[in-house]
Amino acid sequence: ALHSLAERRQPFVDQSPHDGAFYCRDLLGGSAALLYLRVQLATSRTKRERLSWLYDALTHTKPGNTDPLGKDDHSVVKILFLSADPSDQARLRLDEEIREIDHALRLAEYRNRFDFEQHHAVRTQDVQEYLMRHKPDIVHFSGHGTSAGQLIFEDDAAGSRPVSARALGNLFKLLHDNIKVVVLNACYTEAQAAAIAEHICCVVGMSGAISDDAAKKFSPTFYSALGFGRSVNTAFELARNAIDWEGLGEQDKPKLLAPHCDPDRMILVNC
């Protein structure tokens with residue numbers, strides 16, 4: 001099957017979990033093929049010698065090379081979307097935001113390089129476990145913040161459970177290993193973003209209250225730009241412009257904090 005693949009010059013291969021047959025994938029379906037090749041390259045010297053040329057063709061590099069972020073050139077960018085909308089708060093249309101983000105990623109050039117995980121009605125005790133389980137590159141929170149610098153999660157009765165900026169900062173200090181970007185798409189989250197930005201490269205927060213419409217416009221534009229290989233800073237500016245484009249007058253509320261790195265050089269998809 002591999003020799004046939006080489007003759008046809010169709011480099012994307014996967015193995016069916018049902019019948020073990022090999023089949024070709026189109027150009028945008030190559031992530032599964034790369035995973036298969038990595039496993040084969042790691043487990044058999046003979047296969048390494050036969051397949052290394054194919055891996056080079058797929059990645060335009062040598063096996064083992066990494067990008068400046070320490071991730072393999074074609075690794076998947078994991079987005080962890082967390083939301084909390086307690087019953088004692090003004091209701092948000094978080095389902096619409098999720099739908100628009102998912103739609104934007106599906107239309108993006110590098111759509112198969114993103115994994116979009118979601119958890120809703122998130123309680124304070126859930127956050128740590130989700131971060132350790134998913135090991136995300138991007139953490140996105142949608143919900144409510146307070147003018148006292150707190151982020152609102154849910155308690156066991158679906159009521160509000162506020163968490164201080166200090167506690168949030170400490171959490172990301174301890175679990176910062178994989179995370180490169182945090183987005184707090186909620187009102188009054190600039191202080192929380194500042195605390196997190198001491199430990200995470202790029203953090204987005206909102207200064208003051210932000211409308212549901214502006215928040216829903218910001219997110220899909222931001223992730224669409226990342227999905228087309230743009231930098232975090234460019235994605236942020238395009239998302240702000242999307243708010244302005246709709247005439248909502250809230251384009252200055254999102255703030256990008258990156259005191260320890262250059263967001264213009266932070267490109268999550270290494271093309």
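Here are a few things to note about the model shown:
- Condition check for Ser231 on (1) over 15 Å from Lys180 (Cβ atoms); (2) among the hydroxyl-bearing types (Ser, Thr, Tyr); (3) surrounded by fewer than 22 Cβ atoms within 10 Å (Cβ to Cβ): one failure, at (1).
- Candidates Asp264, Asp244, Asp252, filtered to the one that is of a type in the set (D, E, K, R) and not assigned by TED's automatic domain parsing to the domain that holds Asp213: Asp264
- The number of residues in the stretch 253-271 that are in a loop (DSSP other than H, G, I, E, B) and either within 11 Å of Ala214 (Cβ to Cβ) or not hydrophobic (A, V, I, L, M, F, W, C) (or both) comes to 8.
- Screening Asp156 against (1) surrounded by fewer than 17 Cβ atoms within 10 Å (Cβ to Cβ); (2) over 19 Å from His119 (Cα atoms) leaves a single unmet condition, (2).
- Residue count for the stretch 225-252 under the criterion of being assigned to a helix (DSSP H, G or I) and either of a type in the set (A, V, I, L, M, F, W, C) or at positive phi (or both): the result is 10.
- Per-region count, the stretch 202-224, residues of a type outside the set (Val, Ile, Thr), under 14 Å from Leu184 (Cβ atoms) and assigned to a loop (DSSP other than H, G, I, E, B): 3
- A single member of Ser224, Ser207 is closer than 19 Å to Ile79 by Cα, among the small types (Gly, Ala, Ser) and touching a residue at least 24 places away in the same chain (Cβ under 8 Å), and it is Ser224.
The values are calculated or read from the model by the stated rules, or taken from the named source; none is laboratory data. Just so we're clear, the structure is a prediction, and the values are computed from it rather than from any experiment. Because the Cβ atoms are built from the backbone with ideal geometry, glycine has one as well, and the counts that use them run over all protein chains shown.
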